[in-house]
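Colleague: One structure coming up, written as structure tokens, with questions to follow.
The values are calculated or read from the model by the stated rules, or taken from the named source; none is laboratory data. Note that the structure is a prediction, hence the values are computed from the model and not measured. Heads up, the Cβs are rebuilt from the backbone with ideal geometry, glycines too, and the neighbour counts pull from every protein chain shown.
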Amino acid sequence: MKKYILSIISLIALNCSLFTFTACEDMLTVKTDDKSYINAQDTVYSYFGILRCIQDVAERHVILGELRGDLVSTTEYTTDTLHAIANFDNPQDGSCSMLNIRDYYNIINNCNLYIHNSDTSKIKSNIKYMIPEYAQVCAIRAWTYLQLVNNYGEVPFITEPITSLDVIDKYADNSYLVNKDNLIDKILETGLEDFVDTKYPQYKNWDTGSIQFDSRLQLFPINLILGDMYLLRGRDTEDYRTAATYYYNYLNKTMSKTTSQSCGLIYSTAYTDLYSVSRRSSGDEFWGYWAKNYTVKAENDLITSIPSASNRKFGKMLTRVADIFGYTPSSSQSTEATVSKDENGKDQTTVNSGGSITVTPNYKSQTKPSGAYYTVNKNQTYVYYDNSTSIASRTEYKSGDARYFASTEKYRHEGEPFELCSKAAYDTDFYYGIPVYRKTLVWLRLAEAINRSGYPQLAFAILKDGICDYNIPKHASKIEDYMVKDEDGKPVIGDDGFYVWAKDTTYYMKTNTFGAMYYVDSTEIDNFYLDFTNDIWAGNTGIHARGCGFGSWPTLTHDNLRTNISGFGDSVNYDYTKLIVAQGFDPKIKEEAINAVENIIVDELALEFAFEGFRFTDLVRVAEHKNASGFNGTEWLANKIANRDVKYDRYKNETTGTRNETLYEKLKQRKNWYFEKPVWKK
């Protein structure tokens, strides 16, 4: 243990230069000494210095998370180090810029120094005005430890600023190691939960040289960090309930606000989509309509993001993700002089500088969308309804999930087709932020936590219809006249996996006045621990509809423009019972239903968050949950990643590629899920 901590210290440097940030690459020049911070003007420099350190790990969050998952494949142009990462060949820490544990501890050490020196007792206008920023520094430290545990499995938990080797003695035993099982306990000991309702600090926007990056996007919600830690541990039902409550509390505070702390832009043109798809021309795939109706605006969905500068004058350029995903970046700088009158009426000239990053698709991409990503998209059915109460206009398209076309770009080089992962760039456009949290991610993690806490039907509701009082029938009596029941009063499920309806289902679907098109057991609803009856939830729609359907039901009284397609109409393709039965599980057995719904959520995470860096840690977390519940999660994860290059088209019933048996055997050993920590040598 002591050798390991010393190895970290030897990597990050044991002097004040650790806390000094150079002007040529950072937005501020900062030197930290032993003073006690007493006001925002003092500490803002240190706080933004910490944010600068986060930039050092932002890109590896994406690259490490995707290379080790099942949605990205390597190519003949992949470097040896990245190939080793993708194939779990145990690359050594420090062997490339993606594998430097010191960068995480650099963040932590700066946070520790800030926390140690900051004076939060100072009062101005009867307010302890240092608390908001102090809380954010504590949140960043907690988030950083979460990344370390996700990547390394078990790491030292250090809460003091390290400026000499003398500090090491305190941490030289195993009681200071944290892993997924005790991380939340250690974080709670630091008092982070005390700040869960603390207001955010207010700063000026970050000038990237191309756009003004909203400062609110650089804030880390404590509710989400604590929720992630409880979800990661997943020790028992109470952990999942607690995680769900933290996610719910965050959403509850932000759902009713038209402009919340999650607003901001990450794209170079104002008010564009989070990942722009409007430029795509029509083709034989049915996604042109979707491109017009996909309304994931950055100001609506993005919560936390790490900004990239447009050139070195404005700070650190985060172009590595775009580069590895197949886009060659190019940075430019510009100046513009404006003339105005001063207070004496004389002309004064102001020179404004800026810049931009453009990209060029490169056929020598080091990564490409995997066969598994193709498969999970093609396994979906796109359903379209026009603006009518009639179900007769329902049309199915065999194009799969439309989000595939927002996440990939096809182009040709010398007549040969290539496909790129386009979440970091598209065509010539570069995106200036790396998302850490999106509201959609919070909803899917809420669904994961609700499911594991024993409510699979309500978890599925988040994907299918959007969970709210209007969608979910409170009692079976709302639809009992339309369903055949068994002697226990439960709906009868036919041999085909569908519910047996006593009356004409076409009439039922046309009237659409009875709530959701699937049955939710009243015991789930009556015993549920979260309240979605408030009107702020009334606009919720199914996440799955974002990629598999759109339209509106004008008869809905609370929202005439609602795009609630996956629920009311698509009971055939996206049916709770059918999807569970298709996996070989029994929906009447709670444990099997939970496991099956979890698999559906994992697929939705792939459809929504491919190439954003969450994939591998999502798979590991879910695998651990399966292991704890009696299902073989290790086998599940190994099989999933080993099949990344297998492509299956269910419409053509064609399979190409084979399972990587070497990779499969490696991943059956849990130790290979994590990077090895560096070993210190004197």
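Colleague: Residues that are small (Gly, Ala, Ser) and part of a loop (DSSP other than H, G, I, E, B): does region 73-88 have at least one?
Modeller: Within region 73-88, not a single residue is small (Gly, Ala, Ser) and part of a loop (DSSP other than H, G, I, E, B).
Colleague: Next question. Which of the numbered conditions does Asp284 fail, given that it passes all the others? Conditions: (1) at pLDDT 50 or above; (2) part of a loop (DSSP other than H, G, I, E, B).
Modeller: (1)
Colleague: Can you tell me how many residues in region 500-544 are at pLDDT 75 or above, outside any loop (DSSP other than H, G, I, E, B) and of a type in the set (Phe, Trp, Tyr)?
Modeller: Number of matching residues: 1.
Colleague: Within region 603-630, count every residue that is of a type in the set (A, V, I, L, M), in a helix (DSSP H, G or I) and under 18 Å from Tyr437 (Cα atoms).
Modeller: The qualifying residues number 4.
Colleague: Report, ordered by the first and then the second residue, all pairs with beta carbons closer than 6 Å, sequence separation of six or more or different chains, a first member in region 133-161 that is closer than 12 Å to Ile187 by Cα, and a second member that is among the hydroxyl-bearing types (Ser, Thr, Tyr) and crowded, with 23+ Cβ neighbours inside 10 Å.
Modeller: Sorted first by the residue in region 133-161, then by its partner, the pairs are Thr144/Tyr104.
Colleague: If I go through region 215-251 residue by residue, how many of them are touching a Ser or Thr at 6+ places or on another chain (Cβ under 9 Å) and among the acidic types (Asp, Glu)?
Modeller: Looking only at that region, the number is 2.
Colleague: Working only within region 635-661, note down all residues that are in a helix (DSSP H, G or I), touching a residue at least 40 places away in the same chain (Cβ under 8 Å) and either over 26 Å from the mean Cα position of the chain (by Cα) or surrounded by fewer than 15 Cβ atoms within 10 Å (Cβ to Cβ) (or both).
Modeller: Matches in region 635-661: none.
Colleague: For region 371-399, which positions are modelled with pLDDT of 75 or more, within 16 Å of Asn573 (Cβ to Cβ) and out of contact with any strand residue (DSSP E or B) (no Cβ under 7 Å at 6 or more places or on another chain)?
Modeller: Val376, Asn377, Asn379, Gln380
Colleague: Right, here's the next one. Would you pick out the residues in region 84-93 that are out of contact with any Leu (no Cβ under 9 Å at 6 or more places or on another chain) and under 18 Å from Glu59 (Cα atoms)? Step through it out loud before you land on a result.
Modeller: Filtering region 84-93 down to residues out of contact with any Leu (no Cβ under 9 Å at 6 or more places or on another chain) leaves 84, 89-90.
Residue satisfying the conditions is Ala84 alone.
Colleague: Kindly provide the set of residues from region 545-584 that are part of a loop (DSSP other than H, G, I, E, B), at pLDDT 80 or above and crowded, with 19+ Cβ neighbours inside 10 Å, ordered by number.
Modeller: Tyr574, Asp575
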